[in-house]
1. Note down the magnitude of the dipole of the chain about its Cα centre, charges +1 on Lys and Arg C-beta and -1 on Asp and Glu C-beta and zero elsewhere, to the nearest 20 debye.
2. Taking C-beta distances below 4.7 angstrom as the pairing criterion, name the unpartnered cysteines of the chain, in sequence order.
3. Between TYR85 and GLU203, what length comes free when the chain is fully extended (0.36 nm per residue of separation minus the Cα-Cα distance, one decimal in nm)?
4. Efficiency by 1/(1 + (r/R0)^6): what FRET value for ASP282 and THR127, r their Cβ-Cβ distance, R0 = 35 Å, to the nearest 0.05?
5. Extension gain THR180-GLN296, at 0.36 nm per residue separation less the Cα-Cα distance, in nm?
6. Hey, with R₀ at 41 Å, roughly what FRET efficiency would ARG306 and HIS169 work out to, going by the Cβ-Cβ distance, to 0.05?
7. Given a 1.4 angstrom probe, what's the average accessible area per residue across the chain, in square angstrom?
8. Could you order the peptides 63-70, 176-183 from most to least packed, using the average number of other C-beta atoms within 10 Å per residue?
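The values are calculated or read from the model by the stated rules, or taken from the named source; none is laboratory data. Predicted model, so just to flag it, every value in this text is computed and none were measured. Cβ placement follows ideal geometry from the backbone for every residue including glycine, while neighbour counts extend to all protein chains displayed. Remember, those area values only see protein heavy atoms, side chains included, never the ligands or the DNA or RNA. Shrake-Rupley method; radii C 1.70, N 1.55, O 1.52, S 1.80 Å.
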Amino acid sequence: MSAASPYDVVVIGGGITGAGVARDLSLRGLSVLLLDKGDWGAGTTGASSWMIHGGPRYLEFDWDTTRLSCEDAGHIVTIARNLVYRVVFLIPVLPHDKNNIERMETAMEVYDRFQPLKKAHPHRRLTPEEALRAEPGLAPDLIGAVTMEEWGVDPHRLVFANVQDAVAHGVRALNHTRVTELIRDGGKVIGVRYRGPDGAVAEARARVIVNATGPWSPAVAAMAGAHVELRPAKGIHIVYPHRISNFSISAESIDGRDLLMVAHGGFTLLGTTDDDFYGDLDSVDVLQDEVDYLLQAFERVFPSIRDYRPVRTTTGVRPTLFKWRRYEDELSRRYQVIDHSKQGADGLISIAGGKLSMYRLMAEETSDAVCRKLGHQARSETSTRPLPGNESDPVAPAELAARCGIPALAAMKLQMRHGSNAEKVLDEGATSRILCRCEPVTESELIHAARHEQVRSLADAFRRVGIAAGPCAGAACILRAAEVVGRELGWSASQKFDAARDFVRGAWLGRAPVLGHAGWAQEELAQGAMRGLMVGDGTS
């Protein structure tokens with residue numbers, strides 16, 4: 001075991017909140033170690049709806065969360081311009097809906113008061129004819145519709161941008177590194193013991209430990225004899241590898257929950273469920289009835305939904321604060337910063353609850369608590385300081401494409417991930433070759449990710465650059481990606497093959513619940529294209 005290293009703070013958890021805390025503290029001049037047992041943003045953050053939104057449904061019972069969400073969304077939109085894009089919703093009103101068109105418009109008029117906080121536009125009311133012209137796929141018996149504007153974001157890139165900036169300011173950030181023990185001196189937590197990806201065990205001493213592990217926070221707090229009380233909620237999404245509607249659409253489920261079909265740039269997310277979860281947080285499965293529940297709801301407002309072929313599902317668990325009796329969908333998205341000194345675990349601070357669209361505020365308040373404990377006088381700068389790639393305005397995508405010899409779509413996606421640093425990323429590998437036609441990722445970007453973005457597996461590469469995220473689901477590109485990543489990381493031929501096989505096996509869990517007739521036909525083709533990768537895993 002290596003000798004303990006001294007830090008001001010150790011942050012456990014590399015989701016959006018933990019990454020935000022590490023960045024905030026580093027900008028205040030503190031020495032920080034950031035650890036995550038998996039990859040950056042691979043847990044709850046990556047399983048989100050990919051939106052920075054205010055949450056109009058919270059207006060019924062939690063105005064403060066809506067206001068704080070909108071305020072912080074405005075800051076995130078400012079510091080992460082390359083990562084965000086406008087998402088416009090149509091909220092159709094059908095006969096027998098719980099809210100008629102007048103009530104829906106009243107709700108949107110209230111939400112309009114918060115929209116300027118996040119630099120979004122006010123709503124509009126549409127007649128049935130206007131709504132059907134805008135979105136012909138809507139049910140023909142609709143009574144009318146209202147619009148709503150939110151912001152889309154790639155949560156994996158948002159997390160890594162925070163990690164990247166934290167590292168630039170002195171943070172030591174280690175992914176695939178599991179904390180196995182909190183080190184205590186009497187009643188004080190003084191450090192962590194952790195195991196790295198190579199199996200080596202090390203220790204780190206710190207004046208404060210921050211537990212930012214989301215739904216895992218009760219287990220981490222328990223290592224010090226402390227407790228965090230959550231009511232974990234499972235949510236799933238169905239992923240379509242293209243846009244299936246002109247606008248994003250809201251729907252009501254059979255039990256009255258609000259669901260969303262979010263039309264992102266090159267794919268569509270349909271979700272999400274919201275159910276109490278009591279199982280293993282490291283093994284969360286998608287059930288067929290959860291998929292049917294979502295499809296049933298959207299079939300009512302978008303009748304052709306079953307004609308489109310999903311490519312996979314995603315699932316995650318929200319770290320919702322505990323409350324008895326409330327319906328899961330009505331639980332507050334508030335958060336709590338907990339100093340465990342009163343529980344006999346001085347030196348340990350947990351951040352629990354909250355949502356993606358106010359991660360920066362959660363990180364700021366957690367960092368404030370850390371600084372008070374350390375007697376460190378420094379203010380947060382994260383509301384105005386740009387994240388990497390936003391230091392200057394990027395060139396037009398068409399200009400970048402012409403200059404670098406890549407398709408315009410590839411240039412646009414590259415800029416959305418890297419902003420003004422896009423051309424430097426392309427220069428890294430000195431090749432404009434596209435790895436996959438259906439998801440235009442350049443070989444240079446994948447080389448850059450392997451060299452500079454802590455990619456240790458093809459699943460990491462999927463999160464960094466979107467490899468295998470397109471309609472082929474990896475059939476046309478995962479072996480080529482394994483070759484590129486393996487070359488950079490020094491993998492042998494068998495290690496490259498194993499990496500591709502591990503990715504395909506891991507992706508199968510998300511694909512199986514949505515494989516209809518057409519999906520199974522593609523699966524046969526995919527297995528033929530990747531002969532040997534699926535042998536022995538029970539899926540062939």
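1. About 1140 debye.
2. CYS70, CYS371, CYS404, CYS438, CYS472
3. Details: separation 118, 0.36 × 118 = 42.48 nm, distance 4.15 nm.
Length gained between TYR85 and GLU203: 38.3 nm.
4. On the way: r = 50 Å, r/R0 = 1.42.
Between ASP282 and THR127 the formula returns 0.10.
5. Values: separation 116, 0.36 × 116 = 41.76 nm, distance 4.32 nm.
Once the chain is fully extended between THR180 and GLN296, it gains 37.4 nm.
6. Details: r = 49 Å, r/R0 = 1.20.
Efficiency for this residue pair is about 0.25.
7. Values: 21920 Å² over 540 residues.
Per residue, the chain has 41 Å² of solvent-accessible surface.
8. Details: 63-70: 20.0, 176-183: 18.4.
Descending mean neighbour count gives 63-70, 176-183.
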